[in-house]
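The values are calculated or read from the model by the stated rules, or taken from the named source; none is laboratory data. Remember, predicted model here, so these are calculated numbers, not experimental data. Backbone-built Cβ (ideal geometry, glycine too); neighbour counts: all protein chains shown.
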Amino acid sequence: MRILLGVTGGIAAYKAVLLLRLLREQGHAVRVVPTRAALEFVGAPTFEALSGEPVSTEVFDDVPGVQHVALGKGADLVIVAPATADFMARAVAGLADDLLTTTLLAARCPVVFAPAMHTEMWDHPATRSNVATLRERGVHVIEPASGRLTGVDTGPGRLPEPEDIAREALSLVDASLVGSTPQDQSQDQSQGQPQDQSQDQSQDLPQDLAGRRVVVSAGGTREPIDPVRFIGNRSSGRQGVALAQAAAARGADVTLVAANLAQDVTDQVDAARGASDRLACSVVRVESTAELRSAVRAAGVEADVVVMAAAVADFRPAATPDAKIKKVPGQGPAPIELVENPDILAELAHERLRPDQVVVGFAAETGDASGSVLDHGRTKARRKGADLIAVNAVGSGRGFGTDSNEVTLLDGAGDVVGQASGTKREVADAVWDAVVKLLP
Ligand code: C5P
């Protein structure tokens, strides 16, 4: 994996050296981008020697290579450790006055901050609000550890150990699925790797998505109520994963944004890869709607097609306390105030992150007194503005968690343009057949 390690100016910068060494030992290519202040703590030669890559802090170095864009776009993962209070404030403001901040703005991969500072600075309302904003935008901010700080004082604010940062950061990107391309896999085959023909359905499929980048969201979002509870839904992610696998098998470069997939679906993703299915997916794991939105938009900037198959929570708790909400004996439950989540699909459809991008949504519906499944689907297709909406009936064992599905495909005007039923993979292929017709 290509990891960009940002280091900012705090005393814990020395631990970034250990983190760098650990990541290199695990086989990752690491490019270190320190801030000027970080170099007051650890010298550039240390980072250069351990990473085997040049180190610079300025956008004006290597101008012909347009480094600040190339570094961000080329990374599979960005880790900033330590992230100072000042750096987080600059990231929130979107400043771009050195190589690290400009690189962050160009990055389209998971971004992890590991803050380190004194407890008072960590607890300051400005820092709390900056951390909340960063999390809302999809940055994964690791909780600082508690313990001995720079002086004799102790408390929360300590940089977690390098092993813990590496584990938490790497868990966001499924390393086994990143950086694998159909070309790599055909090389595997030519080197005599066994291939499970029954798994590799790409054998007979047209490569009509070759050279196309697609983003598929799958699963269901979870909105935290407090650190241990959440509001979630029953989506297993089966249809979304089938869409990702079908697209990969047809030659696409796929980013799967996976929100809390059922365990057997995650296992299926891993098993398919192990069986040399052409599942050339990058997998970005997310939990909440904010994280999913940020990951889909980040990958969507470069995508020809975005398919929103995830079940996204329409509402989230207005506030998420840092501590578990306690039951007070004798008092009833405290009400949970909800606020509306952004409609990611409608945003994508109305904004269009790229010209000619095809945007596809799903509508899981139940019929009721006000209309049939299809009536509701039609209304939704017109409201969302997507190019294609796959409407399916849910409830009574249909749709969620099952292996089969039945969808009616509507265009943006709500007119029926196709129908598909069968396994979720068959439905996925029918959706891609319809998408291919819309691609320029
Ligand atoms: O409005 P409804 O949730 O039924 O719409 C379903 C479609 O919209 C799905 O494609 C889902 O991924 C997407 N969606 C979204 N953002 C939301 C809610 C739904 O992108 N907040």
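The table below gives the values:
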| quantity | calculated |
| --- | --- |
| Lone unmet requirement of (1) under 21 Å from VAL241 (Cα atoms); (2) out of contact with any helix residue (DSSP H, G or I) (no Cβ under 9 Å at 6 or more places or on another chain); (3) β-branched (Val, Ile, Thr); (4) at pLDDT below 95 for VAL436 | (4) |
| So VAL373, is it at pLDDT 95 or above and either over 23 Å from VAL296 (Cα atoms) or of a type in the set (A, V, I, L, M) (or both) | no |
| Failed item, numbered, when THR379 is tested on (1) more than 11 Å from the ligand (Cβ to nearest atom); (2) in a helix (DSSP H, G or I) | (1) |
| Residue within the range 47-67 that is under 22 Å from VAL283 (Cβ atoms) and not in a helix (DSSP H, G or I) present | no |
| Neighbours by Cβ (under 7 Å, 6+ apart or cross-chain): first from the range 356-375, in contact (Cβ under 8 Å) with a residue 12 or more places away in the chain; second away from the ligand (no atom under 14 Å from the Cβ) and of a type in the set (D, E, K, R) | GLN357/ASP304; VAL358/ASP304 |
| Residues located in the range 248-264, provided they are of a type in the set (Gly, Ala, Ser) and at positive phi | GLY251 |
